[in-house]
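Quick note: the coordinates plus some simple rules give every number you see, no bench work behind them. Since the model is a prediction, treat every value here as computed from it, not as a measurement. When we count neighbours, we look across all protein chains shown, and the Cβ atoms used for this are built from the backbone with ideal geometry, even at glycine.
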Amino acid sequence: MPVSLFSAITAVTAFLWTMLVFALIHLAPVRTQRATRQLPIAVLLGMTVFAALYAWRIWGTAIRAQFRKSFDRFTKWEFWPAWIFYPPVAAYCFWLGMRYRSFGLPAIANLNQKNGGIIGESKIGILQELVQSAPESTADAYLVPEGPLEDRIARINQLCARHGIGTPFVLKPNTAQRGAAFKKIQNDREIEKYLSRVTVPLVLQRYVAAPKEAGIFYYRFPGESRGHFLGITRKEFPYITGDGVHTIRELIEVDERARLIASTYLQRFGAQAERVPQAGERVRLVEAGNHCQGCEFRDGSDLCTTELLDAFDAISQGLDGFYVGRFDVRYSDDNDLREGKHFQIIELNGAASEATHIYDSRNSLWSAYRTLFRQWRIIYAIGAANRRKGFRPPSPYAVWRDWREFTAQACEFPLAD
């Protein structure tokens with residue numbers, strides 16, 4: 001600013017401030033003495049206001065950004081925490097339990113999974129059953145039991161050598177929920193680091209490098225020869241693209257969607273979040289195909305065909321006692337999947353899984369609840385059909401005990417890839 005202009009502004013404002021002070025004293029002379037006694041309070045108030053304005057100047061941008069992020073998360077229901085989103089579903093399940101006179105029916109919706117796939121089911125047991133019934137369509141997997149670190153490392157190396165599994169491969173807990181502790185292993189150092197954190201039995205699975213993943217929710221009532229699809233989900237793995245200037249952290253913070261779950265992504269990157277990707281470099285933000293891990297879900301109803309249903313009818317009927325759940329598959333071409341071929345099953349979740357196409361951001365909250373209500377009606381009806389065949393659900397205490405055991409184990413799990 002030119003000196004003359006700066007001096008003029010300073011003189012005018014000083015004059016106005018001085019005139020204001022004298023005007024106040026002139027208009028209220030009888031209060032001058034009282035005002036003097038209250039001067040310390042006025043000074044303290046003024047300093048407080050000044051400190052608040054200064055803090056807003058320094059941190060205001062960050063505060064406004066955090067407020068905007070919180071507001072956007074609130075308006076986008078797909079990011080609501082479970083304690084906000086699920087109470088209506090829990091209330092509906094309570095009503096279904098009253099209607100069917102049993103709250104444990106979901107635990108016998110699948111007879112080949114512990115608790116029907118609600119909690120505590122063995123991933124390796126399910127995968128090995130799938131390998132036996134559909135070996136050409138299942139990514140093979142093997143158990144790594146508990147034990148000393150050296151023994152577990154030797155077991156992994158032995159399994160990889162015996163079955164021709166190279167890096168990368170996948171390690172994950174044998175009992176887990178929502179992709180917890182899923183890890184794509186690249187080298188021996190990562191094996192040791194992972195095993196030092198996760199001491200429970202593990203699943204070692206061949207990594208499927210196909211670029212696309214889908215979640216296919218399938219159900220079939222006992223006695224039916226043909227099943228149904230409740231929904232199909234396209235799982236899109238988000239990327240950020242480097243510009244050679246900004247860090248991974250900065251690129252995440254300016255991305256319209258990624259910034260809403262930036263803490264999850266940044267915790268996953270750790271110190272690498274400060275790396276500056278080269279211009280045009282694509283950085284994948286998540287490897288696990290789970291919404292809570294940051295994967296983006298889209299409605300994949302266009303993938304539903306008679307040929308695909310025929311393929312999953314054949315697979316599911318080879319699993320004695322399986323009736324409802326979500327197949328997670330990886331594949332390369334949409335048309336191949338529509339024809340029911342050239343896909344690999346990487347996981348099968350039971351009654352606790354969801355028709356995850358509801359999390360498409362284009363869906364309304366009511367449409368999501370409508371689908372979940374229908375899903376639980378189906379699960380309770382299947383459980384009731386199995387009860388009529390003589391099967392009895394486990395006690396609520398037994399299910400609660402398994403849930404407590406899982407949550408105690410999950411405390412040691414690292415963040416999933």
When the convex hull of its Cα atoms is projected in every direction, mean area for the range 35-172 (nm²)
19.9 nm²
State the three equivalent ellipsoid semi-axes of the range 108-248, derived from the C-alpha gyration tensor as the square roots of 5 times its eigenvalues, in descending order and whole Å.
29, 23, 15
Taking the convex hull of Cα positions in the range 224-327, its mean projected area over all directions (nm²):
8.7 nm²
Sort Thr241, Thr305 so that the residue with the fewest other Cβ atoms within 10 Å of its own Cβ comes first and the one with the most comes last.
Thr241, Thr305
How long are the semi-axes of the ellipsoid equivalent to the range 293-341, from square roots of 5 times the Cα gyration tensor eigenvalues, in whole Å, largest first?
20, 16, 9
Which percent of Cα-Cα pairs in the range 274-372 sits in each 5 Å bin, short to long?
2, 10, 16, 21, 20, 14, 8, 4, 3, 2, 0
In whole µm²/s, the translational diffusion coefficient that Stokes-Einstein assigns to the chain, given a Kirkwood hydrodynamic radius over C-alpha pairs, 4 °C and 1.567 mPa s, equals 51 µm²/s
With +1 on each Lys and Arg Cβ and -1 on each Asp and Glu Cβ, and nothing else charged, work out how big the dipole of the chain is about its Cα centre, in Debye to the nearest 20.
1800 debye
Given the pairs Lys76/Lys183; Lys184/Lys212; Lys123/Lys235, which span a C-alpha to C-alpha distance of over 24 angstrom in this model?
Lys76/Lys183
Surrounding charge for Ala82, neighbours by C-beta under 13 angstrom, Lys/Arg +1, Asp/Glu -1, total -1
Let me understand the range 239-284 better: what is its radius of gyration from the alpha carbons, and its Dmax, in angstrom?
9.4, 24
